[in-house]
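The values are calculated or read from the model by the stated rules, or taken from the named source; none is laboratory data. The structure presented is a predicted model; accordingly, all values stated were derived computationally and were not measured. Glycine also receives a Cβ, built like all others from the backbone with ideal geometry; neighbour counts cover every protein chain displayed. These accessible areas exclude ligands, DNA and RNA; they are computed on the full protein's heavy atoms, side chains included. Shrake-Rupley method; radii C 1.70, N 1.55, O 1.52, S 1.80 Å.
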Amino acid sequence: MREGDELPPLTVPVTRTLVVAGALVSRDFQDVHHDAEAARAKGSPDIFMNILTTNGLVGRFVTDHFGPEAHLRKVSIRLGVPNYPGDSLVLTGRIVSMRECTAEVSVVGTNRLGRHVTGTVTVILPSALPSPAPSLSSSSSSSSAPPPSPARAPA
Amino acid sequence: MAARWHRGVTAQPSSYAESSGDLGPGFLTAPAYLTDSQIIREGGQVRDPVDIHPLLKGYEGRPAAAAARAGDPVNAPMIRHWCEVMGDTNPAYTGPDAIAPPTMLQAWIMPGPGGPVHRSPAYRELVGLLSTAGYTAVVATDCEQEYPRPLRPGDAITYDTVIETVSPRKTTRLGAGYFITTRTDLRVDGECVGSHRFRVFRYAPAGVAVPSAASRRDAAPAESARPLPVVNRDNAAFWEGVAARKLLLQRCDVCAAPRFPWLPGCGECGSPEWTAVEAGGAGTVFSYVVVHHPALPAFDPPYAVGLIQLAEGVRMISNIVGVPHDRVRIGMPVDLEFVQVGGGAGVDGEQLLPVFRARAERSAR
């Protein structure tokens with residue numbers, strides 16, 4: 001893993017279920033995330049994904065790549081266009097700096113309206129592990145047996 | 001007439017990266033969020049609410065939550081539900097040595113559907129001012145989190161939030177409003193486990209009718225009427241005393257000097273050690289003013305505000321009741337009593353306040 005390396009993109013279908021369930025598991029009961037009528041009354045054409053779900057997806061995107069031994073140290077995101085149901089969010093990332101055990105990853109998430117999220121994630125990598133070339137082979141994720149390679153394919 | 005700061009900004013999404021230093025995030029200006037056809041133009045024109053930035057600015061630096069507790073300790077079921085929805089199969093989040101997904105940080109301190117219970121009176125006042133003026137809608141725009149150490153099941157989180165900044169008014173495709181930035185520090189057993197800077201845009205939805213002054217008065221939420229105490233860790237014990245109908249002073253453990261209002265250190269000797277002592281409640285009017293203006297909604301001028309010399313030797317500002325405002329005199333004996341005002345944090349919005357009643361049987365000197 002080197003500066004300039006791209007992370008394998010992660011595509012997340014933005015279903016109505018994901019928008020509502022994401023709001024609920026993050027305990028965000030703002031009506032614009034589950035009630036389309038209320039969202040329209042506030043000037044939005046439909047419900048839209050809350051920032052906590054976007055944050056969770058960005059975190060998952062980065063740890064999917066660096067593996068379970070990597071620790072998120074900092075996640076900074078800014079929202080752009082909203083994620084409405086029926087759209088698709090494509091997260092892309094690039095390693096912008098790699099110093100000792102710390103990687104800084106620039107993340108952009110786009111949907112058909114434009115950029116939904118831009119952000120920077122700082123991740124601490126396990127210093128003990130060698131740094132093999134990231135394998136992009138699609139391995140089924142098994143929670144009982146972590147893959148030896150820090151690279152995991154996006155679901 | 002309200003000032004306009006950014007009118008009709010229509011940044012293209014492609015210019016977003018270059019504008020990252022600007023407060024206005026892309027979706028607030030991108031055409032997709034709200035199309036012109038969806039703006040309901042009443043009477044052919046859309047009117048923005050009044051700019052209340054000078055009022056809002058005063059809330060910078062004030063607490064939005066003080067020594068608040070998360071509703072639940074970090075726990076495996078909430079972690080599992082989160083991972084299921086996010087599609088996150090990271091094995092670090094399961095098993096006996098599981099950690100919580102770091103990006104769950106804010107989820108641990110979210111309020112329930114009934115709304116925030118830990119919000120300080122200062123924050124509720126700020127939101128009340130905004131709603132009353134017509135800035136009724138909110139969207140989150142930025143989230144910056146740091147995770148000094150992982151959270152694990154069983155961790156009981158406490159947190160403090162401060163209102164960092166309130167932007168000047170910005171006009172976006174959503175409507176006109178203010179970016180409000182808060183910073184929350186989360187702790188477990190005193191150890192910092194996370195920091196969370198959060199920015200929201202509170203706005204008046206474009207095209208929605210601005211409430212008239214009369215309807216604002218009618219619709220003003222009770223919580224925004226009477227200014228409520230700002231409770232922080234330095235004065236929390238005082239307000240706990242008030243809730244129990246006790247007026248508590250601080251007495252320095254080193255030099256025994258009494259002090260009021262509540263402060264972290266002794267003004268005489270500097271010692272941070274103190275003991276709370278209950279005031280007997282007797283006092284005299286040391287000085288007073290009669291308020292005629294401004295006519296704030298929660299008050300009924302003219303009314304007297306007294307500087308009361310307590311028998312214990314400290315002075316306190318409060319209302320003087322039980323005597324017409326023009327009959328208050330310096331030296332008048334007064335006695336402590338507690339009155340209940342609306343809009344507080346207690347049962348049914350009860351908020352007790354200490355006031356002083358003129359002792360009727362004695363005349364002023």
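Observations
- Charge tally in the Cβ shell below 12 Å around residue B:256, where Lys, Arg are +1 and Asp, Glu are -1, residue B:256 excluded: -2
- Chain lengthening between residue B:337 and residue B:357 when straightened (0.36 nm per residue, less Cα-Cα): 6.5 nm
- Per-residue average of Cβ from other chains inside 10 Å of A:46-52: 3
- With all protein chains modelled, accessible area of residue B:131 [1.4 Å, Å²]: 50 Å²
- Approximating the spin labels as points 7 Å out from Cα along Cα→Cβ, the residue B:292-to-residue A:99 distance works out to 6.4 nm.
- Buried area at the B:A interface is about 4200 square angstrom, summed over both chains, from accessible surfaces computed with a 1.4 angstrom probe.
- Whole-angstrom gap from the stretch B:286-333 to the stretch A:13-39, using each part's C-alpha centre: 51 Å
- For the stretch A:6-124, share of DSSP beta bridges that run antiparallel, in % to the nearest 5: 100 percent
- Computed Rg/Rh of the stretch A:6-124, alpha carbon atoms with Kirkwood Rh: 1.01
- Prolate is the label for the stretch A:1-49, because the ratio a/c of its alpha-carbon gyration tensor axes (a ≥ b ≥ c) is 1.5 or higher and a/b is greater than b/c.
- For residue A:42, a cut-off of 18 angstrom between C-alpha atoms picks up these lysines, skipping any fewer than 8 places away in its own chain: B:170.
- Neighbouring Cβ atoms from other chains, within 10 Å of the Cβ of residues in A:8-21, number 1 on average.
- Using a Förster distance of 25 Å, the FRET efficiency for residue B:268-residue B:230 (Cβ separation, nearest 0.05): 0.50
- Using a Förster distance of 41 Å, the FRET efficiency for residue B:55-residue B:256 (Cβ separation, nearest 0.05): 0.45
- In terms of the mean number of neighbouring beta-carbon atoms within 10 Å, the peptides A:25-36, A:78-89 order highest first as A:78-89, A:25-36.
- Cβ crowding within 10 Å averaged over residues, with B:103-109, B:118-124 ranked highest first: B:103-109, B:118-124
- Inter-label distance for residue B:303 and residue B:187, nm, one decimal - labels placed 7 Å from Cα along Cα-to-Cβ: 3.6 nm
- The alpha-carbon atoms of the stretch B:236-358 define a convex hull whose volume equals 114 cubic angstrom per residue.
- Label point 7 Å beyond Cα of residue B:330 along Cβ direction - residues of the stretch B:264-307 with amide nitrogen under 11 Å: B:286-288
- Radius of gyration and Dmax over the Cα atoms of the stretch A:62-105, both given in Å: 13.4, 41
- Two-site label geometry, residue B:67 and residue B:97: point separation in nm, points 7 Å out along Cα→Cβ: 3.7 nm
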